[in-house]
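Trainee: My questions will all concern the structure given below.
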Amino acid sequence: MSATAATIRMQRATMAVLERPSGPALLAGPLATRHRGFAVVEWFDQATLAALCGEATAVYGEADYQETLVDDHADGRGGMPARSIWTAGGGPVQQAVYHDPELHRRLRVLCGVAMAPSGGRGSYSFYMGGAFLALHRDIVTCDLSMITVLSDTSDPADRGSTLVAYPDRNHEPLSSIRADQDRGAEPVHAGVGQTVLILGGIVAHQVLPTLASTQRVVSVLCFEALG
């Protein structure tokens with residue numbers, strides 16, 4: 001790729017972040033400026049975590065297997081990244097968490113802008129047997145992803161199912177990051193009961209393949225910044 005073409009792609013990637021009214025506010029908020037776009041928190045008590053885990057177990061039988069082995073090579077947000085993952089829609093327990101005013105207040109303080117659920121409900125993801133999610137930025141209506149680990153049978157030393165973020169490459173198109181995925185790669189370690197908050201429309205990220213013998217279950221909620 002020529003230097004001119006690479007520059008154009010980088011400019012387009014930057015514009016994709018800033019073109020939404022909420023973009024500048026998110027980039028100026030504490031999560032972006034103090035935490036580089038992602039943080040690991042412990043916001044939920046044991047009762048809530050147990051209820052979410054129980055609901056995830058209950059809906060596992062309804063989970064759909066999503067497999068896309070050929071990446072669409074999108075440069076900006078959304079697209080169809082390669083994946084191999086089981087997902088199931090959330091139930092009333094997760095929905096209550098999703099629409100909790102106190103959670104929304106915390107997110108507003110952390111992000112520097114009001115946040116609202118992107119949809120009516122969230123989902124549960126089940127990573128097992130080599131499951132993965134390739135490099136991407138989240139869809140336009142998912143400015144912030146909240147990923148809570150409910151169970152994990154892997155060894156903490158294993159890299160399988162690890163979320164990897166690229167906070168120092170926010171202004172690069174995904175094609176540039178794909179060409180050199182080691183540069184700026186930062187594993188985001190979260191254990192059972194912990195929650196990852198990531199500005200997924202800005203910070204490129206991926207989930208590494210799960211080891212064949214392990215399983216990781218997470219609750220996934222997406223929020224949209226209100227401009």
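Trainee: Can you tell me which of VAL140, VAL192 is β-branched (Val, Ile, Thr), surrounded by fewer than 21 Cβ atoms within 10 Å (Cβ to Cβ) and at pLDDT below 95? I'd like the intermediate steps shown before the answer.
Mentor: On the way: VAL192 fails: at pLDDT below 95.
That would be VAL140, the only listed residue that is β-branched (Val, Ile, Thr), surrounded by fewer than 21 Cβ atoms within 10 Å (Cβ to Cβ) and at pLDDT below 95.
Trainee: Okay, moving on. Restricting attention to segment 131-163, which residues are over 24 Å from ALA63 (Cβ atoms) and in contact with a His (Cβ under 9 Å, 6 or more places away or on another chain)?
Mentor: If the condition is that a residue be over 24 Å from ALA63 (Cβ atoms) and in contact with a His (Cβ under 9 Å, 6 or more places away or on another chain), then ARG137, PRO156 are the ones that fit.
Trainee: Quick test for you: out of VAL218, VAL203, pick the one residue that is within 29 Å of GLN46 (Cα to Cα), buried (at least 20 other Cβ atoms within 10 Å of the Cβ) and in contact (Cβ under 8 Å) with a residue 60 or more places away in the chain. If you could, list the steps in order and put the result at the bottom.
Mentor: Details: VAL203 fails: within 29 Å of GLN46 (Cα to Cα).
It is VAL218.
Trainee: Can you tell me which condition ILE85 does not meet? The list is (1) at pLDDT below 95; (2) of a type in the set (A, V, I, L, M); (3) more than 21 Å from HIS171 (Cα to Cα); (4) under 17 Å from the mean Cα position of the chain (by Cα), and all the others hold.
Mentor: Just one mismatch for ILE85, condition (1).
Trainee: Mind checking which residues of segment 143-169 are surrounded by fewer than 21 Cβ atoms within 10 Å (Cβ to Cβ) and among the polar types (S, T, N, Q)?
Mentor: Result: SER151, THR153, SER154, THR162.
Trainee: Within segment 1-60, track down each residue that is in contact with a strand residue (DSSP E or B) (Cβ under 8 Å, 6 or more places away or on another chain), among the aliphatic types (A, V, I, L, M) and at pLDDT 95 or above.
Mentor: LEU31, ALA39, VAL40, VAL41, LEU49, LEU52, ALA56, VAL59
Trainee: Which condition from (1) at pLDDT below 95; (2) closer than 14 Å to HIS136 by Cβ is the one that VAL207 breaks?
Mentor: (1)
Trainee: Here is a list of conditions, (1) part of a loop (DSSP other than H, G, I, E, B); (2) within 15 Å of the chain's Cα centre (by Cα), and VAL192 meets all of them except one; can you say which number that is?
Mentor: (2)
Trainee: May I ask you to list pairs of residues, at least six apart or on different chains, whose Cβ atoms are under 6 Å apart, with the first in segment 15-29 being within 17 Å of PRO173 (Cα to Cα) and the second being at pLDDT 55 or above?
Mentor: Qualifying pairs under 6 Å: ALA16/GLY76; ALA16/ARG77; VAL17/GLY23; VAL17/ILE202.
Trainee: Can you find a residue in segment 123-132 that is touching a Gly at 6+ places or on another chain (Cβ under 8 Å), crowded, with 19+ Cβ neighbours inside 10 Å, farther than 19 Å from GLY90 by Cα and at pLDDT 95 or above?
Mentor: no
Trainee: Taking ARG183 as the residue in question, decide whether it is without any contact (Cβ under 8 Å) to a residue 24 or more places away in the chain and in a loop (DSSP other than H, G, I, E, B).
Mentor: Details: without any contact (Cβ under 8 Å) to a residue 24 or more places away in the chain: yes; in a loop (DSSP other than H, G, I, E, B): yes.
Yes.
Trainee: For segment 26-56, what are the residues that are among the aliphatic types (A, V, I, L, M) and within 17 Å of PHE223 (Cα to Cα)? Reasoning before the result, please.
Mentor: As a first pass, look at segment 26-56 and keep what is among the aliphatic types (A, V, I, L, M): 26-28, 31-32, 39-41, 47, 49-52, 56.
LEU26, LEU27, LEU31, ALA32, ALA39, VAL40, VAL41 - these are the residues of segment 26-56 that are among the aliphatic types (A, V, I, L, M) and within 17 Å of PHE223 (Cα to Cα).
Trainee: While we're looking at this one, here's another question. For residues that are closer than 19 Å to VAL40 by Cβ and either surrounded by fewer than 19 Cβ atoms within 10 Å (Cβ to Cβ) or out of contact with any Gly (no Cβ under 9 Å at 6 or more places or on another chain) (or both), tally how many sit in segment 91-107. It would help to see each step written out before you state the result.
Mentor: Here is the first cut: in segment 91-107, the ones closer than 19 Å to VAL40 by Cβ are 97, 103, 106-107.
Now restrict to residues that are either surrounded by fewer than 19 Cβ atoms within 10 Å (Cβ to Cβ) or out of contact with any Gly (no Cβ under 9 Å at 6 or more places or on another chain) (or both): 103, 106-107.
Here the count works out to 3.
Trainee: Please determine whether any residue of segment 179-189 is surrounded by 22 or more Cβ atoms within 10 Å (Cβ to Cβ) and not polar (S, T, N, Q). Spell out the reasoning first.
Mentor: We begin by selecting, within segment 179-189, every residue surrounded by 22 or more Cβ atoms within 10 Å (Cβ to Cβ); these are none.
Taking every residue of segment 179-189 in turn, none turns out to be surrounded by 22 or more Cβ atoms within 10 Å (Cβ to Cβ) and not polar (S, T, N, Q).
Trainee: Moving on to the next point. From (1) at pLDDT 95 or above; (2) at negative phi, pick out the condition that doesn't hold for ALA212.
Mentor: The number of the failed condition is (1).
Trainee: Tell me yes or no: at least one residue of segment 65-76 is of a type outside the set (Gly, Ala, Ser) and under 14 Å from the mean Cα position of the chain (by Cα). Steps first, please.
Mentor: Going through segment 65-76, the residues of a type outside the set (Gly, Ala, Ser) turn out to be 65-73, 75.
Narrowing further to those that are under 14 Å from the mean Cα position of the chain (by Cα): none.
The answer is no; no qualifying residue exists.
The values are calculated or read from the model by the stated rules, or taken from the named source; none is laboratory data. These numbers come from a predicted model, not from an experiment. Neighbour counts are summed over all protein chains in view; Cβ atoms, including those assigned to glycine, are modelled from backbone coordinates with ideal geometry.
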